[in-house]
Amino acid sequence: MTVRINPSILSADFVNLQRDVERIASADLVHVDVMDNHFVPNLTFGPQMVGRLQAIAPIPLDVHLMISDADRWAPGYAELGAFSVTFHAEAASDVVETARALRERGSRAGLAVKPGTAIEPYLELLPEFDQVLVMTVEPGFGGQSFMVETMPKLRTLREAVDRHGLDVWLQVDGGIALDTIGIAAEAGADTFVAGSAVYGRDSVEAAIAKLRAAAEAHTHGSPGRV
C-alpha cells in the first residue's frame, strides 16, 4: 500500500506561506483547508489564494472544502487546477453529481465525512470517488486531539475498497502525529494529513520522513501491523 503524507498549511506561517509550502517539497501533496465561517466556525482561504498556491507549489494541491453549498462551489476549485478536491457529504445535495463535475474538470474527486456521519450510505457510491476523507476531529480548527472512535468507520471503508478492488485513497485528517498515524494506518488509511506534526518541528523534511516511516510500519495487512 502506498503511503502519502499531505502536510496541512493550516499550521504554516501565513506571513511566509510560499516559504512554508516550498519546505514540504518531499511530501506528496499540499493539503489546503478552505473554510467559509459558515459550514465550520472558521475562515481561511478562498479561490484566489488557492489559485496562487497552485502557481507556486512544488507538489500538487489536495484541496479540502469545509464550505456550504459544495455542489455550487467545488467545481470552481477543480478549474483552478487542483489535483484533488474533497467536499463534505454533509454540505452537498447530490454527492455523485458533484464528484462527476470534479472529474470532468480534471481533478480527483474526494468525499469527506465528519466524525458523527455514518459511512454506510456511501459505500455503494465508492466507485464515483477517488478519495474518501474520514475526519478524525471535528472540522474547523487545527490542533485537536485524534478521535480513535472514528477507526471502525475507516475499517469499514478499507474492507469495502479491498473487496471490490477499487482505487480509492482513504485519507485521515485531524490529530495525526507519530503516536497516532500508526493507528490510522493499521485501520486502513493510506493518505495522512498532518499539520502541527510537520510544521511544529525544526526540520520539516525530517518530520515528513518520520511520519511516512511510522505509517509504512503499520499499513493495513503489513508485517508490522499491530
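Brief remarks follow.
- The set of residues in the range 159-181 that are open to solvent by 10 Å² or more (accessible area, probe 1.4 Å) and more than 15 Å from the chain's Cα centre (by Cα) comprises E159, D162, R163, H164, G165, L166, D167, L178, D179, T180.
- Filtered residues of the range 1-16 (kept if surrounded by 22 or more Cβ atoms within 10 Å (Cβ to Cβ) and part of a strand (DSSP E or B)): I5, N6, P7, S8
- Only one entry in R100, R72, R52 is basic (K, R) and under 16 Å from L10 (Cα atoms), namely R52.
- For A112, the test of being in contact with a helix residue (DSSP H, G or I) (Cβ under 6 Å, 6 or more places away or on another chain), of a type outside the set (F, W, Y) and either at pLDDT below 95 or surrounded by 17 or more Cβ atoms within 10 Å (Cβ to Cβ) (or both) is failed.
- Among the residues of the range 185-211, the ones that are part of a helix (DSSP H, G or I), open to solvent by less than 50 Å² (accessible area, probe 1.4 Å) and in contact with a strand residue (DSSP E or B) (Cβ under 9 Å, 6 or more places away or on another chain) come to 9 in all.
- Flag if T219 is in a helix (DSSP H, G or I) and surrounded by fewer than 23 Cβ atoms within 10 Å (Cβ to Cβ): no
- Selected residue (only one of Q54, Q48 is outside any loop (DSSP other than H, G, I, E, B), open to solvent by 40 Å² or more (accessible area, probe 1.4 Å) and either within 26 Å of D190 (Cα to Cα) or touching a residue at least 12 places away in the same chain (Cβ under 8 Å) (or both)): Q54
Per-residue answers, yes or no, for (1) farther than 21 Å from I176 by Cα; (2) in contact with a Ser or Thr (Cβ under 9 Å, 6 or more places away or on another chain):
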residue: L65; (1), (2): no, yes
residue: D69; (1), (2): yes, yes
residue: F83; (1), (2): yes, yes
residue: R108; (1), (2): yes, yes
residue: L111; (1), (2): no, yes
residue: L126; (1), (2): yes, no
residue: D130; (1), (2): yes, yes
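- The set of residues from the range 75-88 being in contact with a helix residue (DSSP H, G or I) (Cβ under 8 Å, 6 or more places away or on another chain) and either open to solvent by 10 Å² or more (accessible area, probe 1.4 Å) or free of Cβ contacts under 8 Å to residues at least 12 places away in the same chain (or both) comprises P75, G76, Y77, L80, G81.
- All told, D33 meets the bar of being acidic (D, E) and open to solvent by less than 20 Å² (accessible area, probe 1.4 Å).
The values are calculated or read from the model by the stated rules, or taken from the named source; none is laboratory data. Quantities reported herein were computed from a predicted structural model and do not represent experimental measurements. Note that we place each Cβ from the backbone using ideal geometry, even for glycine, and neighbour counts take in every protein chain shown. These area figures cover heavy atoms from the full protein model, side chains too; ligands, DNA and RNA do not enter into them. Shrake-Rupley method; radii C 1.70, N 1.55, O 1.52, S 1.80 Å.
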